[in-house]
Amino acid sequence: MNVEKYLIEKIKNEKVHLTLIDPAKQSPEKAGEIAKNIEKSGSDGIMIGGSTNITNELMDNTILKIKENSSLPVIIFPSGVSSISKHADAIFFMSMLNSSSREFLIEHQVMASKPIKDMKIEPISMAYLVVEPGMTVGKVGRAILIKRDDTRTAISYALAAQFLGFHFVYLEAGSGAPDPVSEEMVKAVKSEIDIPLIVGGGIRTPEKAKSIANSGADIIVTGTLVEKHQNYAEIIELIVKSIKNIKY
Ligand code: 1GP
């Protein structure tokens, strides 16, 4: 399966939901169960990754269990070379454009490119922009956070990403953020760029998912939900329904 094509074809007709599973937050078996349940809920794909305590072995074991339990595409959401696994379908080959560190701008990518090619994992080019509060990923990635109300800077980064040839832009408030990126920022960025927009961090309700998708996000990512709520499958089903109902 070509995962980028799958996403691009889907977003021509509908909003897309991706579920982020952090392999450090549960056993591989539990991750497999989550994958099975969220596929039934209508989620379109699985992102796998986390900011801390990630090892290649943990990634391998978790992805294998996910693959046993679901037919959804699995995209690595990397924090470094330790996130690479040959069992994934694709990897967001990403640069945190507002990092103050070369490490997150280009060094991890240089270390990872040859192994990714050799393992035949599909790279999907993505520019990663971290907005306040940024949470753990903002700290770990030494981000110069984009201020919540600074739409001009967000637009400038997103356009720079497009001009540099990135295929996707991800506006990230940070996993577990009290509030997601504002609808105003999503709207402003979407109105200026021609590449697909991914939004995640702090999205926990169908209402919020819908208003962010309505503001122009092509792909909505939720993560923490599956860790924090017993009835996550129901909530994800409602989120998926709410964003798929949006008319183009
Ligand atoms: C993190 O945007 C994702 O990179 C998901 O965030 O865990 O807050 O849903 P949440």
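The values are calculated or read from the model by the stated rules, or taken from the named source; none is laboratory data. Please read these numbers as outputs of a predicted model, since none were measured by experiment. We place every Cβ from the backbone using ideal geometry, glycine too, and count neighbours over all the protein chains shown. In case anyone asks, the SASA skips ligands and DNA or RNA and just uses the protein heavy atoms, side chains included. Shrake-Rupley method; radii C 1.70, N 1.55, O 1.52, S 1.80 Å.
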- Message: I'm a student and want to see the number: the projected area of the Cα convex hull of the range 69-199, averaged over all directions, in nm².
- Response: 8.3 nm²
- Query: Which links in K147/K187; K117/K210; K12/K120; K187/K244; K5/K114 stretch past 25 Å when you go from one Cα to the other?
  - Reply: K117/K210; K12/K120
- Item | Estimated inter-spin distance, N245 and M111, nm [label 7 Å along Cα→Cβ] | 4.6 nm
- Message: Running a GNM on the chain with Cα contacts under 10 Å, which residue among P78, P115, P123 ends up with the highest mean-square fluctuation?
- Response: P115
- Query: Fully extended, how many nm does the chain gain between E192 and L238 (0.36 nm per residue separation, minus their Cα-Cα distance)?
  - Reply: 13.6 nm
- Task: Could you give the spread of the C-alpha atoms of the range 137-248 along their three principal axes, from largest to smallest, in whole angstroms?
- Result: 41, 36, 24
- So, counting K/R as plus one and D/E as minus one, what does the shell of residues with Cβ under 13 Å around A154 add up to? -2
- Item | Spherically averaged projected area of the chain from its Cα convex hull (nm²) | 11.4 nm²
- Message: Please list, in order along the range 113-125, the HN-Hα scalar couplings obtained from phi with the Karplus expression 6.51 cos²θ - 1.76 cosθ + 1.60 (θ = phi - 60°), rounded to whole Hz, x for Gly and Pro.
- Response: 4, 5, x, 5, 5, 4, 7, 6, 8, 6, x, 10, 6
- Please compute the net charge surrounding E227, taking Lys and Arg as +1 and Asp and Glu as -1 over other residues with Cβ under 14 Å from its Cβ. +2
- Task: Would you list, by chain and number, the aspartates and glutamates whose Cα falls below 15 Å from the Cα of K139, excluding same-chain residues fewer than 8 positions away?
- Result: E103, E172
- Restricting to the chain, compute how many DSSP beta bridges are antiparallel as a %, nearest 5. 5 percent
- Ignoring ligands, DNA and RNA, what percent of the accessible area of the chain is carbon or sulfur (1.4 Å)? 53 percent
- Message: Please compute the per residue accessible area over the chain with all protein chains in place, 1.4 Å probe, rounded to a whole number of Å².
- Response: 44 Å²
